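Worksheet: the structure to be examined is printed underneath.
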Amino acid sequence: MSEPEPATEARRIAAEARDRQRFEEEALALADQVYRVARRLVGAREEAEDLVQETYARAFRSWRSFTPGTNMRAWLLRILTNLNVDRGRRIQRTPHSQPLEEGDYYLANKLAAAGGEEVLEQEQVVERMSQDSVVNALASIQPQFRDVVVLVDIGDFTYADAAQILDIPIGTVMSRLHRGRRALKQKLAEDTVP
Amino acid sequence: MTRDPCDKCEEILQDYLDRTLTNEEWAEAESHLEGCDYCRRRYRFEETLRRYVKTSAAERMPPGLMDKLQELRGLDATA
Ligand SMILES: [Zn+2]
């Protein structure tokens with residue numbers, strides 16, 4: 001067995017260092033988007049910061065397992081949601097422990113009942129709801145539903161990406177999304193319609 | 001069993017806005033929305049609400065976090 005030529009070995013090491021640096025730069029360019037999702041998955045800002053740092057530490061250590069050309073944002077979020085579960089944030093509750101949400105038109109119907117059908121034509125009708133009430137409503141949804149709503153509606157991930165990130169079937173993504181959005185509207189209705 | 005077309009329209013709201021309806025279902029929804037003020041207002045409201053939820057929930061990265069992440073670079077350099 002012959003040792004590799006020193007010059008060849010040096011070139012290999014240099015090429016690998018370049019690949020790693022390129023990976024790191026690509027990952028860091030996504031940090032703002034990763035944080036935006038993380039912030040809504042957990043309760044407190046400090047918790048989101050810690051989670052993002054842990055995610056990047058893990059990602060930088062395991063950059064070789066990332067397949068170039070695939071969706072790095074989804075890859076980072078997969079790491080992040082796994083770490084989040086490892087932290088024991090999630091106590092699995094059975095979905096039917098939550099009362100059944102109202103229908104999809106629930107919030108609109110409540111607003112229309114309070115202000116007339118025409119209010120729904122006005123863009124400002126949603127601004128009756130403060131940003132805080134939106135944030136609180138999101139936080140009030142059960143974690144398994146919230147994760148999907150946050151990934152799809154805040155993070156702009158496709159159903160398929162969300163399924164891969166959370167390691168659940170795509171049909172489960174769709175049904176959790178549906179229930180999560182209904183729960184969100186129900187909560188917004190409770191908070192904003194007298 | 002006959003069903004209220006507005007109930008059907010409510011049922012496919014999510015798929016309509018997520019653009020996951022089949023062409024046939026989409027055409028069916030469009031033709032219902034064309035003639036139904038009630039559902040049309042609700043669909044438009046829902047679109048506005050989604051945009052509002054998204055902007056309301058967006059929070060920028062706190063200052064300093066990027067520096068902390070930059071410091072993590074090279075964790076694998078010696079491996
Ligand atoms: Zn209708």
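The values are calculated or read from the model by the stated rules, or taken from the named source; none is laboratory data. It should be emphasised that the depicted structure is a prediction, and the values quoted were computed from it without experimental measurement. Because the Cβ atoms are built from the backbone with ideal geometry, glycine has one as well, and the counts that use them run over all protein chains shown.
Please find, among A:Q33, A:Q53, the residue that is at the interface with chain B (Cβ under 10 Å from one of its Cβ atoms), within 26 Å of A:L138 (Cα to Cα), surrounded by fewer than 18 Cβ atoms within 10 Å (Cβ to Cβ) and touching a residue at least 24 places away in the same chain (Cβ under 8 Å). Answer to the selection: A:Q33. If you go through the stretch A:114-129 and keep only what is in contact (Cβ under 8 Å) with a residue 60 or more places away in the chain and either more than 8 Å from every other protein chain (Cβ to nearest Cβ) or on the phi > 0 side of the Ramachandran plot (or both), you end up with A:A114, A:R128.
Filtered by the rule that a residue be closer than 14 Å to A:L177 by Cβ and hydroxyl-bearing (S, T, Y), the stretch B:17-42 gives a lone residue, B:T20. Just one residue in the set B:M61, B:M66 is assigned to a helix (DSSP H, G or I), farther than 19 Å from A:R179 by Cβ and more than 11 Å from the ligand (Cβ to nearest atom); that residue is B:M66.
Among residues of the stretch A:140-155 being in a helix (DSSP H, G or I) and within 8 Å of the chain's Cα centre (by Cα), the one that is surrounded by the most Cβ atoms within 10 Å (Cβ to Cβ) is A:V148.
Take the conditions more than 8 Å from chain B (Cβ to nearest Cβ) and either under 29 Å from A:A74 (Cβ atoms) or not β-branched (V, I, T) (or both) and apply them to A:D167. Does it pass? Considered against the rule, which asks whether it is more than 8 Å from chain B (Cβ to nearest Cβ) and either under 29 Å from A:A74 (Cβ atoms) or not β-branched (V, I, T) (or both), A:D167 comes out as yes. Taken over the stretch A:32-49, the criterion of being of a type in the set (G, A, S) and under 12 Å from the mean Cα position of the chain (by Cα) is satisfied by A:A38, A:A48. When restricted to residues that are in a loop (DSSP other than H, G, I, E, B) and at pLDDT 90 or above, the stretch A:71-102 contains 1. Counting the residues of the stretch B:29-52 that are within 12 Å of the ligand (Cβ to nearest atom) and touching a residue at least 12 places away in the same chain (Cβ under 8 Å) gives 8.
Between B:E24, B:E11, which is surrounded by fewer than 17 Cβ atoms within 10 Å (Cβ to Cβ) and facing chain A (nearest Cβ under 8 Å)? One residue alone meets the criteria, B:E11.
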